[in-house]
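Report on the following structure.
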Amino acid sequence: MTDGTSRIREYKIEINNLTKNFGRRLIFKGIDRVYDRPGIYGISGPNGSGKSTIVKIFCGILSPNSGTITHHSGASKIESNVWYRHIGFVSPYLVLYDEFTAEENIAFFSAIREINFDAGRSDFLFEKFGIIDRKNDLVKTYSSGMKQRLKFIGALYHNPDVLIFDEPTSNLDIAGKETVYNVIKELSKEKIVFLASNDREDIDLCSEVLDLNLYKSK
Amino acid sequence: MKSALALLKKDFSSEIRTRYAINSLGMFIVVTVSVILFSIGNEKINEYLTGGLFWVVVFFTSMSGLSRAFVSEEERGTALTLQLLAKPESIYSGKFLFNVALVFSMNLIIAVLFSLLFEMFLFKNLLLFVFAFIVGNVGVAASSTIIAAIIAKAGSKGTLYPVLAFPILLPLILTLIELTKQAMDGNTVSDSSVELAVLFCYDVIMISAAYLLFDFIWKD
């Protein structure tokens, strides 16, 4: 991003023997990985393979049944209750506040994250995602593709170290997809970017792919 | 604290735009007080019964509106968004502050309606009633907020809320009824120190327990 707020920080996510079940159903088992360099990392697998589950575990929203996941910034370990400060997240099941305008949503995200609202940065991102003209419209008047673009703005606004995109191009038109791909490529130069997707085009962007189908055996 | 205040501000703006809780609470208060008035007719009811009815209306009004704090976030799917934006304790604080404001304004309206419509709703020691009212409202908000967080995750939210709230709010409501009676009798604050201590302890226990447990409730 070229708005003057970007920085490169050493960030590391370490996953040890990660296992998740829902009741008696095994979702995945024994995942070991270390992500310590900027880049695009894919998470693939068919529907129901646990892509959304694992990204929620990465964010600290879900807990694994066994195994550990740790986030490190430089030499220090980050407590799980503040991971959210370092993560930008986009997914189709992430919902925005319909009764507020797009800009009010971003201002609220900024306030609740205890960051002063920067109209310049907000406008820069609205411009980048092509919805600057609609920033003062209520989100309920947005199409699903525009909401998806707004989710990207919300995810990038606080300049996080890690970006987690679950099905990032869902609901987007060709121009929207192109913008998102360009943004992802740009971000991956200095940040860890995860893409959880089935879409061949999305997965082709990734330098390394975690195939959840390989972690199903009991 | 800034996060909690940001959430409080968001909930206020959201409430002003959507009027989810205000409308249902307002209608509930009007309907309940009207039903009591119709059922009493020309009968004279004693002051203790009026005090009891006041807290009954408060209890059921709380049941009808205070669960919105978390239920609306879960129903709209914005709970996940909040989980990604702030610490659990900030979320609880924001929702608790919103419910405190809602409980105070709603109970103030009920108190004004009771004093206008029920001639026996009179206090010889108004200060004691005001103490009980303030501490009681904080207790109602604290317990209602944490129960709302629990039931928001459940399937049958509407039924579960009063069922879970009843045993938790019962000691509070019974103490408040007793204190209201004592305020009507003209007891001094020091005469009612035991009941007031119970109320303070209830608030402290509920708020502490809520902060300790909220992280487990909030995250799946």
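The values are calculated or read from the model by the stated rules, or taken from the named source; none is laboratory data. Given the structure is predicted, the values throughout are model-derived calculations rather than measurements. Heads up, the Cβs are rebuilt from the backbone with ideal geometry, glycines too, and the neighbour counts pull from every protein chain shown. When the accessible area is computed, the model is the full protein with side chains, heavy atoms only, and any ligands, DNA or RNA have been set aside. Shrake-Rupley method; radii C 1.70, N 1.55, O 1.52, S 1.80 Å.
The table for this structure:
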item	result
Partner lysines for B:Lys44 [C-alpha distance under 24 Å; skip if fewer than 8 residues away on the same chain]	B:Lys124, B:Lys181
Simple label model, 7 Å out from Cα along Cβ direction - A:Asn136 to A:Glu14, nm	5.1
Degrees between helix B:193-218 axis and first principal axis of chain B (Cα, 0 to 90, nearest 10)	20
Accessible area of the range B:1-88 belonging to carbon and sulfur atoms, whole % at 1.4 Å probe	64
For the range A:103-140, residues shielded by at least 20 square angstrom of accessible area compared with the chain on its own, probe 1.4 Å	A:Glu104, A:Phe108, A:Phe109, A:Ala111, A:Ile112, A:Arg113, A:Glu114
Longest DSSP-loop-exposure-free segment, GluC sites (Glu not before Pro), chain B, at most 16 other Cβ within 10 Å	B:120-220
Average other protein chain Cβ within 10 Å of Cβ, residues B:73-85	6
Between the range B:50-81 and the range A:119-175, the alpha-carbon center distance in angstrom	33
With all protein chains modelled, accessible area of B:Lys9 [1.4 Å, Å²]	150
Nonlocal amide H pairs with A:Gly39, under 5 Å, H built at 1.01 Å	A:Lys191, A:Ile192, A:Val193
Most fluctuating residue given options B:Ile22, B:Ile134, B:Ile40, as computed from a GNM of chain B linking Cα atoms under 10 Å	B:Ile40
Karplus (6.51, -1.76, 1.60) ³J(HN,Hα), θ = phi - 60°, over the range B:9-19, in Hz, Gly and Pro reported as x	4, 4, 5, 5, 4, 5, 5, 5, 7, 9, 6
Accessible area in square angstrom per residue, the range B:2-218, 1.4 angstrom probe	44
Charge dipole (debye, nearest 20) of the range B:2-218; +1 at Cβ of Lys and Arg, -1 at Cβ of Asp and Glu	720
Rough spin-label spacing in nm, given labels placed 7 Å along Cα→Cβ, for A:Val82 and B:Leu5	2.0
nm² value of the averaged projected area, convex hull over the Cα atoms of the protein assembly as shown	23.8
Computed over the range B:63-140, Kirkwood Rh from alpha-carbon pairs, angstrom	14.7
GNM flexibility winner over chain A from A:Phe117, A:Phe126, A:Phe89 (Cα, springs under 10 Å)	A:Phe117
